[in-house]
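A.B. asks: The structure that follows is given in the form of structure tokens.
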Amino acid sequence: MTDLAPFIVALIVMLVGLAGILVPGLPDLIFVFLGALIYSIWTGFEKTNLIFIIIFLALTLFGLLFDWLGAILGAKSGKADFMGILGAIVGAIVGIFIGGLVGIIGGAFIGTILFEMIFSHKKIEGAVKAGVGAIFGIIFGSILKFALAAIMIGWFVSKVF
């Protein structure tokens, strides 16, 4: 490969995406996908092809589900009902704007507890159990998403070189 510019630009975009999994506010898997797409278009699909890009898109969409499924399944494992799960989602969204990753985790925890107590009339013990489940779900989802992004970047690098 004689021109490293497209590879370097794509890799920087992808690494920003990888960092975005750990630092909310930065884009995440979308940038990993965009890095591969930018490289492919820039080089006229010299080392990649449309199938590769479609697979990357599918992996990206699947990985984005980890965010939602992590909180939902985690809260569900803590015996949250529909309102608790909704509280985890609302809390995580509000948490993004309050304090990054800590805000997401704290927001999901507090949102689950509040929704469980207010709307489902659960006692504090049951609501906290559901909130702890939401925390573990978000952490597990983030770990899976980070692993998926690392695999995608590794695949991209091996495809190019």
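Each reported figure results from applying straightforward, stated rules to the coordinates on display, with no laboratory input. For clarity, every value in this text was computed on a predicted model and none was experimentally measured. FYI the Cβ positions are ideal-geometry reconstructions off the backbone, even for glycines, and counts take in every protein chain you see.
A.B. asks: For Rg and Dmax of the Cα atoms in Å, the choices are [x] 18.7, 65; [y] 14.9, 43; [z] 21.0, 68; which was calculated from the structure?
C.D. replies: Structure-derived value, by its label: [x].
A.B. asks: Follow-up. What value, in deg cm²/dmol to 500, does the helix sum -39500 (n - 2.57) over DSSP H runs of n ≥ 4 give at 222 nm once divided by the residues of the chain?
C.D. replies: Counting only the DSSP helices, I get -30000 deg cm²/dmol.
A.B. asks: Relative to the Cα centre, what is the charge dipole magnitude of the chain, using +1 at the beta carbon of each Lys and Arg, -1 at the beta carbon of each Asp and Glu, and rounding to the nearest 20 debye?
C.D. replies: 340
A.B. asks: Now for a different question. Would you mind checking the tilt of helix 124-160 against the longest principal axis of the Cα atoms of the chain, expressed as 0 to 90 degrees and rounded to 10?
C.D. replies: Approximately 0 degrees, to the nearest ten.
A.B. asks: Along the charge dipole of the chain, which of M152, L65, G35 sits closest to the positive end, that is, farthest toward it, with unit charges on the beta carbon of Lys, Arg, Asp and Glu (+1, +1, -1, -1)?
C.D. replies: Toward the positive end, the furthest listed residue is L65.
A.B. asks: A further question follows. How many lysine pairs are close in the chain, with Cα atoms under 26 Å apart and the two 8 or more places apart or on different chains?
C.D. replies: Close lysine pairs found across the chain: 12.
A.B. asks: Relative to a virtual label point 7 Å from the Cα of W155 in the Cα→beta-carbon direction, which members of segment 40-58 show backbone nitrogen distances below 19 Å?
C.D. replies: Under 19 Å, as judged by backbone N against the label point of W155, lie 40-41, 45-58 of segment 40-58.
A.B. asks: So how far, in whole Å, is the C-alpha centre of segment 97-117 from the one of segment 20-51?
C.D. replies: Distance between centres, Cα-based: 30 Å.
A.B. asks: Sort 88-94, 124-130 for me by packing, meaning the mean count of neighbouring Cβ atoms within 10 Å per residue, highest on top.
C.D. replies: The packing order, highest mean first, is 88-94, 124-130.
A.B. asks: Hey, what did segment 52-161 get for relative contact order, percent, Cα under 8 Å, at least 6 apart?
C.D. replies: 33
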